[in-house]
Amino acid sequence: MQQPRKGFWYSALRIDRRYIFMLVFVSLTVPFLFPGMRVPVEVQNPARQVYDFVDGLNEGDGVLVAFEYSPSTAPELTPMATCVARQCLKKGVRVYALSSAPEGPPIAAEVFRRVAGDYGRTEGEDYVNLGYKPGGVQAIVLGLAQNVSSVFPTDYVGRAVADIPAMRHFKKLSDLKLCVALSASTVAETWMGLASARFGVPVATGVTGVMVANFYAYLDTGQLVGLLGGMKGAAEYERLIAENVDPERGYWFATRGMASQSASHVLIVLFVLFGNLAMIMSGRGQRRRRR
Amino acid sequence: MEAHGFWGVLGIWFSAALTVFAFSFLYKDNPFYRFAESLFVGVSAGYWAAMAVHETMYRDVVVPVMAGFRFTSSDPAAWAMILHRLVGCALGLMMWSRFLPRISWMSRWPMAFTIGFGTGVGIPYYIQQWLLPQIYGTVVPLTYIWTRAAEQKKQIGWGLNPELAAKMAEAIPPDGMLHWGLTISRIILFIGVLSALSYFFFSKAHKGAYGKFTRVGVYFLMISFGATFGNTVMARMALLIGRIQFLLYDWLGTMGVHLQ
Amino acid sequence: MSRSGVMCALIGVCITAAVALTCCASAAPLAAVESAPAVVSTESASAPTPESASATESAPATESAPPPGPTQPDFVEDPSLSPPGSLVTKDVPGDEGGALLLMWEPSPDDTAPPMPREREQRTDPALKWLPKQQRARELANIAAAEARSKCGYVVLRKTSAESEYAWHPSMVPTGNPDGSEQEDPDFAGPETLPGGTREFKDESFVFLVPPGEDSELVSDKPPTLEDLQKLRTRRAKNDPRYNTYDYEVRFTKDGRMSLPAAVQGVRPRGNLFNPWWANMAIVILLSGGLILGFIYTARSGRALYVRPIAGLQAVDDAVGRATEMGRPILFSAGFGGVGDLSTIAAMVVLGRIARVAAEHGTQIIVPCLDPLVMAALREVVREAYMTAGRPEDYREDRIYFLTGAQFAYAAGVSGLIVRERVAACFYMGSFFAESLILAETGAMAGAIQIVGTDAYTQLPFFITACDYTLMCEEYYGASAYLSREPRLLGSLKGQDYSKLIIAVAMVASVILATVLSRMGAAGMAEFLQELFHYRAG
Amino acid sequence: MRRQVPFIIATVAGVLMLVQFFVPAHGMVRMQTVFTLYTRIIGGFAMVLGVASLMQVSWVRVKRRADNWPFALTTILGFVVMFSVGVLGGFFIHDPTTGKLTWSAGIAPDKNPVFGWLFYNVYTTMDATIFSLLAFYMASAAYRAMRARDLTAGMLLGAAIIVMLGRAPLTAYFWDMWLVKPTDHQIASLGEITEWLLTYPNTAATRALMFGTGLAALAQGVRILVGLERPYMAGTGD
């Protein structure tokens, strides 16, 4: 019964986890020391569907971007918001941003500040940052379906909605052609359930990698028109933007992170394989009961 | 993050310090991490309490009630509005009866209300979100047959750009052909749904042929969990990449080192 | 329970009915004056329906507002153009009462091909399955678009109390439904509906909120009382509870417009049932009925078989091991609120764990995320200690509120696990991203970890890092199995049979759909799918 | 009385909300608004209860000079500063154009410099950093915990590896270069394999889980409505 408690494989399994942490940190940091490196990204269908849907919109249509996340998940979700804003504003599609989280509007403002100037778009005419509203996303969507100005009497900087030219084309939810819900929580599902199922406005979502697998079930039923999953999804969208919309400025944050992302994935896979190999070699496979 | 100023730079240094403190937990538990942790606990409690005071007590109670009193003379409906706020506050105050054990039974009323409300709202939401749409998505013909009309309709619906639409139109085989790939995939999907559902069926012991079938369900579940694991690795790495970018670009940036 | 329970149930039903009636009564003015007296004629005949006195009273000064519409219409009235025929209104079914459908026959001068009505679009196989926006795009693609752009229709509206018609708000680019817009200098006439249009859905109605609830009041620059009064007066005109409405539809061509087809004294109606959700009601009634039925079967004493849930034995083992080692155990009820079902299941499991722990004399630590949950868990543990006959060992300060923030909580608990050298960790409830921090720290500390959660995104980490995992329903099943209540077991059976029904329905529908589509009856297959459709409108 | 009134309240509130969903008439919609308001207000008051508990625990530790009491003091200080700045800052903002404090009704972090500074440099930073610690734990779990002990675990592992490699652009690129292009697309690209895995087997299992979770939630809801479970009774003595 007693297994040998020494040997290379045994000690490999008992290795201090701090070395593992160190390897992770190195694998993520080193690619950033070579800023010129650009990893080619293969575009998948769910991201292409979002791109194609926006591509099919006409100048003057309205798209709502819901910034339902806090800065802690910004590395994954902000590149998506930037891409949507870039594609829409380049075409002249109006973009409306809002949030049910107090952390959302500053991020939206930053995205617009970064993108709008590139295409000569102005706040109020081509895009509006409506700010945030407490009380939960359900109340917001139900209110928007009736009348925007009842939920958002002013925009983020306090201008009355009645004075904003772009808001003439967004009086209630059904005036919009697409909602993009960017979220790190089940809020994206709520947007989908209400805006799409109840009020008939197509919804695309951008979610963190954790939630992607579950959202495929909604993609299949048509509850979503498209899906951006994690930083990879954002990088795919960035590639579509860079190739079709704006070759100068398409590649941004997510693509820069892809080298690190690849390195870390390979590292984790190696960890899994090595750990299993060590388990087999040291004969510790039956130690723990599993289901 | 271009414009900084003194407070901006101080903020970046302070957050960089907190970041390093938090990472130091990976080495071992230490006072620096404890400091960052306890500060975070306090600050987040303060943040949420301030939000509660401001968004609930002020915005939902004080503002409407104060405004409502101005209308009571012209519109009796204002009294009803004020009454609703007061009822809400009364229920909220009953929660505080927990501070006094002798009357703590009063706190059951608001709790009962909250729980009943959540239950009533939750039931239709779950059905609408998880039951019907997923049945709807499963109840499709297992055989997928190409038809030009259906494919082209999809393209109009998606609003594809012309080149892509033309390329896709070329790929459509003649009407009436069975699409083998999709058909097999749909059969797999259907078997997967049924077998995984049967794993969560508690009225029959997992024995014999039925036991094998539920075993298939477990395999599907495991593939799904594996996919979730893979995607989550991507998500967590992305977040760490975000922090590393903060350290490399913003923090080093304040010291005049520009990597980009 | 029995007699007083029945009494209470009766009282509950009575109160439910009373409150429901009260609520419907506030919607009663809508139901009383419905769109029935729609006058179908081109020459306006009967007077508008008189409003109830109370309604006029609470609508602040409707008559004082001047009509905001343009006084000089941009179309010249031309009696030689034929007006559209037989204008009728129809309430939109299954809504709150904020929409009204106008339907008319196209003017004889309208040469454009008729546009399919929304109802017809639903049944048109070419359009039926497209969402609303895509349907509109498809319609616009149809070749007749050119003919349709040559002529059109305009809709004018006024409240019955007003004297002058104005362009319908949705036809005026600046028109807000609340009428709060300024005069637009660029106004160049209303946006007309394309030729061939036969219906128009007026969705511009809004319900006035009680005074004081206006969202303007919470903005940075709250309006003065007078401004707000004016705003409310303007908005009241769009509230169908206080007004009835007169409509005119005119045919337009080349800057001219025909005489109107008019309808007077109509208003939308709030409905008492949303037919689009009938299938949902059936599911709730069927499954709920099955569950209740099995509960009462179980209470009558009949034995109901439930397959053993293996994870539960592990719970007792873990507490036993903690006792041997003389270290505390940790319980986390996750991130659900006190009303969440996952938290309630956690309470049941905690009751069991705490009782075993009390019997063994093992300490139990419960850090909480939610003050309500904390209060509830305290009581659960106290009761467990009482049941075990050791109320003196119960220590309230071991069950405390840590923080409401997710990662502050994760950080706090992981620090706790290391510091207190916890021997067994139980994570029961709904968990999010912090699951890995908790599970990994516990694994590092060498604790036995047992998980029950309905958060399927977190299951892979729990499965890989913990000793035993109750997945999703198994977790709910465990709470039924543990509490050994016949009622809970009964409801588990009810769920099982609901699942069986779903499975049978799916198998039958899929086979039928496959056969039908092979036989070329794809429409029938789609009808089958439609039975499970979840969309509202 | 003490036992039955809460049950009646819970049942009435629950049944009314359930009925409200199917009855779109304005009165019922209005009732939902009012009930939501009640719940929000109750939640706000309950938050005070929770914070009081946290402060009590921390204060006791400071007073008794328990282990690590300075950290408890840090918590209290952090709370006091953030709370007072947040509440006061919610009412007064510093207007940069006039240089005066003005009355306000906004708590938005970037309208209030002190609150914003604490929010972005403490709250946000720690939130993001602790979130990102997960990446390290993930790696450690992959090395120490993910074991192919049997077929099911092997499948979990295999699916995870495929997805991880498929989501890593670099490996997908090399797969494409070495396997897909030489065989003239007879072998699917790694990205396509991942997509298929996610779209079919993954969706199948997700659906089964959704059915189960939805029904379980329904059952528990029914039990609460008919009073077979009374979670609201807990925590109040008696």
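Data for the structure
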{"item": "Some residue of segment A:175-189 being surrounded by fewer than 22 Cβ atoms within 10 Å (Cβ to Cβ), of a type in the set (V, I, T) and free of Cβ contacts under 8 Å to residues at least 12 places away in the same chain", "result": "yes"}
{"item": "Number of positions in segment D:158-206 that are in a loop (DSSP other than H, G, I, E, B) and in contact with a His (Cβ under 9 Å, 6 or more places away or on another chain)", "result": "1"}
{"item": "Selection from segment C:207-220 of residues that are out of contact with any strand residue (DSSP E or B) (no Cβ under 8 Å at 6 or more places or on another chain) and at pLDDT below 80", "result": "C:V209, C:P210, C:P211, C:G212, C:E213, C:D214, C:S215, C:E216, C:L217, C:V218"}
{"item": "Residue in segment C:240-262 that is in contact with a Phe, Trp or Tyr (Cβ under 9 Å, 6 or more places away or on another chain) and within 13 Å of chain D (Cβ to nearest Cβ) present", "result": "yes"}
{"item": "Checking B:L239 against (1) at pLDDT below 90; (2) more than 21 Å from A:G230 (Cα to Cα), the condition it does not meet", "result": "(2)"}
{"item": "Matching residues, segment B:225-256, being in contact with a Lys or Arg (Cβ under 7 Å, 6 or more places away or on another chain) and among the hydrophobic types (A, V, I, L, M, F, W, C)", "result": "B:M234"}
{"item": "Positions within segment C:498-521 being open to solvent by 20 Å² or more (accessible area, probe 1.4 Å) and more than 8 Å from chain B (Cβ to nearest Cβ), in sequence order", "result": "C:I501, C:V504, C:A508, C:I511, C:L512, C:V515, C:M519, C:G520, C:A521"}
{"item": "Filtered residues of segment C:469-484 (kept if more than 20 Å from B:L197 (Cβ to Cβ) and either touching an Asp or Glu at 6+ places or on another chain (Cβ under 9 Å) or assigned to a helix (DSSP H, G or I) (or both))", "result": "C:S479, C:L482, C:S483"}
{"item": "Residue within segment A:197-211 that is away from chain B (no Cβ under 11 Å), closer than 30 Å to A:I20 by Cβ and not in a loop (DSSP other than H, G, I, E, B) present", "result": "no"}
{"item": "Unique match (being small (G, A, S) and crowded, with 24+ Cβ neighbours inside 10 Å) among C:G442, C:G446", "result": "C:G442"}
{"item": "Boolean, A:V41 is open to solvent by less than 10 Å² (accessible area, probe 1.4 Å) and modelled with pLDDT under 90", "result": "yes"}
{"item": "Top-ranked residue of segment D:116-136 - restricted to ones that are open to solvent by 10 Å² or more (accessible area, probe 1.4 Å) and at pLDDT 80 or above, ranked as farthest from the chain's Cα centre (by Cα)", "result": "D:W117"}
{"item": "Failed criterion for B:F190 (all others in (1) within 7 Å of another protein chain (Cβ to nearest Cβ); (2) over 22 Å from C:Y497 (Cβ atoms); (3) open to solvent by less than 50 Å² (accessible area, probe 1.4 Å) hold)", "result": "(2)"}
{"item": "Residues of segment C:83-114 satisfying the condition of being among the polar types (S, T, N, Q), crowded, with 19+ Cβ neighbours inside 10 Å and in a strand (DSSP E or B)", "result": "C:T89"}
{"item": "Residue that is most open to solvent (accessible area, probe 1.4 Å) [pool: residues in segment C:242-259 that are touching a Lys or Arg at 6+ places or on another chain (Cβ under 9 Å) and in a strand (DSSP E or B)]", "result": "C:K253"}
{"item": "Subset of segment B:26-67 [in contact with a Leu (Cβ under 8 Å, 6 or more places away or on another chain) and closer than 14 Å to D:G43 by Cβ]", "result": "B:D60"}
{"item": "Residue in segment D:30-48 that is touching a Lys or Arg at 6+ places or on another chain (Cβ under 8 Å) and crowded, with 23+ Cβ neighbours inside 10 Å present", "result": "yes"}
{"item": "Total residues in segment A:185-216, condition touching a strand residue (DSSP E or B) at 6+ places or on another chain (Cβ under 7 Å) and among the aliphatic types (A, V, I, L, M)", "result": "9"}
{"item": "Filtered residues of segment C:473-502 (kept if closer than 15 Å to C:I295 by Cβ, at pLDDT 80 or above and charged (D, E, K, R))", "result": "C:K493, C:D496"}
{"item": "Segment C:512-533, residues that are under 15 Å from B:G137 (Cβ atoms) and either in a helix (DSSP H, G or I) or free of Cβ contacts under 8 Å to residues at least 40 places away in the same chain (or both)", "result": "C:A513, C:A525, C:E526, C:L528, C:Q529, C:E530"}
{"item": "Qualifying positions in segment C:299-314 - of a type in the set (K, R) and over 20 Å from B:F200 (Cβ atoms)", "result": "C:R299, C:R302"}
{"item": "Positions within segment B:1-43 being open to solvent by 20 Å² or more (accessible area, probe 1.4 Å) and of a type in the set (S, T, Y), in sequence order", "result": "B:S24, B:Y27"}
{"item": "Counted residues, segment A:37-65 - those being more than 23 Å from A:S99 (Cα to Cα) and assigned to a helix (DSSP H, G or I)", "result": "6"}
{"item": "Elements of type helices (runs of 4 or more DSSP H) in segment A:95-163, at least 2 residues being open to solvent by 40 Å² or more (accessible area, probe 1.4 Å)", "result": "A:104-115, A:137-146"}
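Let's see how each residue does on (1) out of contact with any Gly (no Cβ under 8 Å at 6 or more places or on another chain); (2) open to solvent by 20 Å² or more (accessible area, probe 1.4 Å):
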site	(1), (2)
C:V283	yes, yes
C:T297	no, yes
C:Y305	yes, yes
C:M325	yes, yes
C:G334	no, no
C:L350	yes, no
C:G361	yes, yes
C:P371	no, no
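The values are calculated or read from the model by the stated rules, or taken from the named source; none is laboratory data. The structure presented is a predicted model; accordingly, all values stated were derived computationally and were not measured. Positions of Cβ are generated from backbone atoms using ideal geometry, with glycine treated the same way; all protein chains shown enter the neighbour counts. Protein only, heavy atoms only, side chains kept; ligands, DNA and RNA dropped before computing areas. Shrake-Rupley method; radii C 1.70, N 1.55, O 1.52, S 1.80 Å.
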